[in-house]
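A.B. asks: Sharing a structure below in structure tokens format, with a few things to ask.
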Amino acid sequence: MGRRGGKCCAQTTVDKMSENSSTESICYNALFRHGVDDKRRVQIPAKWLPSDGSVEFTLIVWSKDKEGPCLRVLPPKKMSELLASLAAMPNSDPNKTILKRLIGSKSSQVIVDKSGRICLPEEMAKAVGVKSEAMLVGLLDQFEIWNPESYMKVQMSDEVLAQEAFKLME
């Protein structure tokens, strides 16, 4: 299997403005430690980008983990799925408004520059503790950006739960 060949994990819309937008499969796997420059730019792994490099990711401050927040990075298709699932919730469900408010106020779109980098919004970088280095963690159909020290805690927690999690795959 090539870096984008075979069955993979996420369809990334390459030209989201075009009616005939093309998609290609991108699997967000592996773990990368990258520097963050003074302008808060971080390199996205080349294998996580469409072949022409153009994509708009949605960053969400994700506070779900007990080890601290991270930035959940959604490719266009994954963001569309999230919006559809929110729209499908009944309007009578109070969680719908809460989720829309939280996601709406804690998210931002970023465009990959010609060098394959995204610029982390200042408030988001501060919220997750990303300063001079960031861990990019593949989640197959999306990825996360972590403060390296916080991610080390997540790794230890994941190792404890891994045996039970792998049983789900049997």
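A.B. asks: Kindly report, to the nearest 10 Å², the accessible surface of I98 as traced by a 1.4 Å probe over protein heavy atoms only.
C.D. replies: The accessible area comes out at roughly 80 Å².
A.B. asks: Can you bin every Cα-Cα distance in region 40-170 into 10 Å intervals starting at zero and give me the percent of pairs per bin, rounded to whole numbers?
C.D. replies: The distribution over region 40-170 is 11, 38, 34, 16, 1, given as percents.
A.B. asks: If you average over every viewing direction, what projected area does the convex hull of the Cα atoms of region 22-86 give, in nm²?
C.D. replies: Seen from a random direction, the Cα hull of region 22-86 projects 6.1 nm² on average.
A.B. asks: Here's something else I'd like to know. Say the cut-off is 32 Å between C-alpha atoms; which of K39/K167; K66/K114; K131/K167; K66/K96 go over it?
C.D. replies: Where the Cα-Cα span goes over 32 Å, the pairs concerned are K39/K167; K66/K114; K131/K167.
A.B. asks: Then there's this: I'd like the distance between the alpha-carbon centres of region 92-111 and region 30-51, rounded to an integer number of Å.
C.D. replies: One Cα centre to the other: 26 Å.
A.B. asks: If DNA, RNA and ligands are ignored and the probe is 1.4 Å, what is the ranking of T58, T97 by accessible area, most exposed first?
C.D. replies: Accessible-area ranking of T58, T97, largest first: T97, T58.
A.B. asks: Would you work out what percent of the accessible area of the chain, with all protein chains in place, is carbon or sulfur (probe 1.4 Å)?
C.D. replies: Of all accessible area on the chain, carbon and sulfur atoms account for 54 percent.
A.B. asks: Taking the Cα centre of the chain as origin, sum charge times position over the Cβ atoms of Lys and Arg (+1) and Asp and Glu (-1), and report the length of that vector in debye to the nearest 20.
C.D. replies: 180 debye
A.B. asks: If we count trypsin sites (Lys or Arg not before Pro) as exposed when they sit in a DSSP loop and have at most 10 other beta carbons within 10 Å, what is the longest stretch of the chain that avoids them all?
C.D. replies: 115-170
A.B. asks: If you average the sequence gap of Cα pairs under 8 Å that are 6 or more apart and divide by the length of the chain, what percent do you get for the contact order?
C.D. replies: The value is 29 percent.
A.B. asks: Still on this model: With every protein chain kept in place and ligands, DNA and RNA left out, what is the accessible area per residue of region 24-106? Probe 1.4 Å, answer in Å².
C.D. replies: With the other protein chains kept in place, region 24-106 gives 54 Å² per residue.
A.B. asks: Taking 7 Å along the Cα-to-C-beta vector as the label spot, tell me the L102-L168 distance in nanometres, rounded to one decimal.
C.D. replies: Once both label points are built, they end up 1.8 nm from each other.
A.B. asks: Taking 0.36 nm per intervening residue step and subtracting the Cα-Cα distance, what contour gain separates L161 from M89 on full extension?
C.D. replies: 22.9 nm
The values are calculated or read from the model by the stated rules, or taken from the named source; none is laboratory data. All of these numbers come straight from a predicted model, not from anything done at the bench. Using ideal geometry, Cβ is built from the backbone for each residue, glycine included, and neighbour counts are taken over all protein chains shown. The area values use the complete protein model at the heavy-atom level, side chains included, leaving out ligands, DNA and RNA. Shrake-Rupley method; radii C 1.70, N 1.55, O 1.52, S 1.80 Å.
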